[in-house]
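Worksheet for the structure shown next.
Just so you know, all these numbers are worked out from the coordinates, no wet-lab data involved. Quick caveat, the model's predicted, so the values are computed rather than measured. As a convention, Cβ positions derive from the backbone with ideal geometry for all residues, glycine included, and neighbour counts pool all protein chains shown.
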Ligand code: CP3
């Protein structure tokens with residue numbers, strides 16, 4: 001495999017261990033430079049990803065450890081980011097529960113007719129991650145072995161899972177939705193069934209995330225992309241308890257935990273109660289405002305608008321500088337986007353962002 005990550009400075013002699021800047025920042029420890037990685041960093045904006053993808057369907061890539069490992073490494077090699085996120089999808093364990101899953105070009109995920117009643121929920125099974133999702137654990141083991149061979153150019157590996165609300169959005173709607181009307185109808189008309197689905201998803205996620213850390217994931221990110229679709233009181237009543245339960249499986253002493261919520265302003269007061277090390281903030285909420293609301297007990301991650309990467313490099317850098325400046329209000333900052341990188345981004349712009357961030361001093 002190519003080893004083209006830029007030199008990481010004085011700490012980067014071949015004998016030093018892996019770059020731990022990201023893990024230190026998760027734990028609010030001092031770092032030499034601001035750490036940076038990008039959500040969806042292994043994806044279609046990279047020609048080397050498209051090359052693999054041209055030969056293999058997306059789900060096959062997720063389910064073949066060698067392919068998943070290969071594309072996970074691509075952004076580390078090309079961009080020199082400080083962490084790798086396992087290549088997979090939040091819907092992979094949902095398929096292992098018995099929900100039909102396919103991806104069609106331009107349509108996003110498709111999950112059949114949608115689970116909308118108690119018989120549908122009862123038909124779902126709790127997967128055994130070591131068996132039914134063994135390919136995920138194998139990809140993690142492969143990547144850890146690869147990173148240990150890379151010496152100082154190796155980076156920590158982040159495992160991930162979706163949180164119950166976001167998974168339920170896809171399971172109930174049967175795919176993507178613009179208004180989540182079926183989920184909201186089920187929550188109001190049949191709260192018992194709705195909660196039994198969220199409870200099952202919480203148990204699945206807890207087992208699945210623990211298994212990833214046992215296999216070698218060194219940090220863990222929980223994605224709740226659709227956390228912002230409900231009112232604050234609905235979130236507190238229906239979502240928060242299952243979210244807390246879903247996150248129970250990861251031993252935080254072994255792997256710091258990151259919570260990402262899309263459109264998080266409404267739920268910021270609840271984020272303060274999350275048993276996590278890092279809060280990943282979407283691009284709509286400035287990091288200084290988030291820091292004031294959640295207090296000093298969290299590192300913050302984020303939150304450049306992914307749209308800034310479509311601008312010419314000087315404009316992108318100006319937007320990134322603003323994020324860096326606001327991030328100084330947090331006890332510790334991990335630079336990232338406020339959501340996933342999009343396929344239209346030029347790899348040169350992504351590289352320019354990583355180099356720009358590495359040129360910034362870490363918060364004192
Ligand atoms: O971040 C990474 O590089 C790791 C891989 C990763 C993927 N999906 C790969 C992917 C991660 C962490 C995810 C998480 C995910 N998947 C989320 C939560 C984060 C977010 O972006 O909101 C959600 C909601 C999904 C579900 C999903 N998967 C959707 C809605 C889509 C279609 C949208 C799209 O970009 O096409 C996917 C497909 C998907 N997941 C792709 C990738 C690289 C594109 C598939 C392809 O190559 O055709």
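What to note about this one:
- By the Cα gyration tensor, segment 196-338 has an equivalent ellipsoid whose semi-axes, rounded to whole angstrom, run 27, 18, 14 from largest to smallest.
- Shape call, segment 223-272: gyration tensor on alpha carbons, a/c limit 1.5: prolate
- Most mobile listed residue (30, 314, 347) in the chain, GNM with C-alpha springs under 10 Å: 314
- Degrees, to the nearest 10: 347-358 long Cα axis against longest axis of the chain: 70
- Between 0 and 90°, nearest 10: helix 164-173 axis offset from the chain longest Cα axis: 60
- Footprinting exposure proxy for 34, 337 (fewest neighbouring C-beta atoms within 10 Å first): 34, 337
- Both numbers refer to the Cα atoms of the chain; Rg and Dmax are 19.5, 61 Å.
- Neighbour-count order for 153, 176, fewest beta carbons within 10 angstrom listed first: 176, 153
- Folded to 0 to 90 degrees: helix 191-215 orientation relative to the chain principal axis, Cα: 40
- Pairwise centroid distance, computed over Cα atoms, of segment 17-82 with segment 291-364, Å: 17
- Legend: ranking of residues 292, 328, 70 from fewest to most surrounding C-beta atoms inside 10 Å; resulting order 292, 328, 70.
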